[in-house]
């Protein structure tokens, strides 16, 4: 396994942590960063001071702002770009020879839904619509309860590698068999992607509840578990409506495992966003959800659940499915209802 050439597209916290995990066993890993300061800090200080500060990175990991350089001639290429920028980033590298001829095995870490003229699309569907035809059915989706900070520390983490192509799933499973990671294969690409996207929505609501519960006579740990269980039920409902194929996806690490860590961990940005809605009135500058998404960089961290809830709302209306928690966050972020009023409404 040592010495494989790997490209990571996106130097956010998760992309950086994955790159470090692969590089520290001797692989030749190169990561693409949009920002020059991120590239400089990784190459010169072996730290991503902007997105993953405080964690020393492997010297086998190098960074570049040249997207073509990072994507070219790699045995494995992993997308970690935010969902809003995934399609435009993939379009820039689709003609690279090693991608066009199918010799590069491609995976994705990106969570969420991707906007398109035909409505929201899942991550792999988006990549297949942009990348060469040889990629269709061969991409691998990687997800699971995996906060970047703990992966960077080498703490034991479980992941799912889901693909329609079992051999490619196994290739990524073997690639990611490094200290600190346990990886399992799945054929349920839709179910795993839905879990990865929708759990962020539930986690924002969980963060709101957690903040309110600190001074509440009504809400507590029992209530939080009630919300978590109800949220998992909604994720499963959405998953089957979208075409998920395996019920066990939702009871595995990609379902209940990822939901639990996203809701309860101190590292979770979506839980933090829910806390900030209550404790910092962080929604005050935004008139509605569309305004929030358009100005999302003003938050100074990326709560993917805020974006995903817009698309889940669209899907639920189109498919006529009831998702009270997910659609409740839509109403909160759209400034239609107060978070505490919503929680009283949905949990009583």
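Any read-out appearing in this document is the output of simple, stated calculations on the displayed coordinates, not a laboratory observation. Since the model is a prediction, treat every value here as computed from it, not as a measurement. Methodologically, a virtual Cβ is constructed for each residue, glycine included, from the backbone with ideal geometry; neighbour enumeration extends over all protein chains shown.
Observations on the model:
- Modelled FRET efficiency - R0 35 Å, residue 165 with residue 319, Cβ distances, 0.05 increments: 0.80
- Inter-centroid distance (Cα atoms) of segment 85-102 relative to segment 36-65, Å: 24
- Computed E for residue 233/residue 178 - FRET, C-beta separation, R0 41 angstrom, nearest 0.05: 0.75
- If the chain linking residue 187 and residue 133 were pulled fully straight, counting 0.36 nm for each residue of separation and taking away their Cα-Cα distance, it would gain 17.5 nm.
- Additional length obtainable on full extension of the chain from residue 91 to residue 40, 0.36 nm per residue less Cα span: 15.8 nm
- Neighbour-count ranking [beta-carbon atoms within 10 angstrom, fewest first] of 258, 95: 95, 258
- Across all directions, the average projected area of the convex hull around the alpha carbons of segment 170-252 is 6.9 nm².
- With the cut-off at under 19 Å, measuring from each backbone N in segment 122-139 to a point 7 Å along the Cα-to-Cβ line of residue 246 picks out 123-125, 137-139.
- Segment 21-175: equivalent-ellipsoid semi-axes (sqrt of 5 x gyration tensor eigenvalues, Cα, Å): 25, 18, 16
- Relative intensity of segment 190-346 on a log10 scale, I(q)/I(0) at q = 0.09, 0.12, 0.18, 0.20 Å⁻¹, equals -0.25, -0.45, -1.05, -1.29, per a Debye sum over C-alpha point scatterers of equal strength in the absence of solvent.
- Calculated Rg and Dmax of the Cα atoms in Å (choose from [x] 19.4, 62; [y] 19.8, 56; [z] 20.5, 73), label: [x]
- Here the residues 309, 135, 326, ranked from fewest to most Cβ neighbours within 10 Å of their Cβ, fall in the order 135, 326, 309.
- In segment 5-187, the DSSP beta bridges split such that about 15 percent are antiparallel, to the nearest 5.
- The relative contact order of segment 5-187, computed from alpha carbon pairs under 8 Å that lie at least 6 residues apart in sequence, is 19 percent.
- Build a GNM of the chain with springs between Cα atoms under 10 Å apart, and of 265, 146, 216 the one that fluctuates most is 216.
- Taking the convex hull of Cα positions in segment 145-212, its mean projected area over all directions (nm²): 5.2
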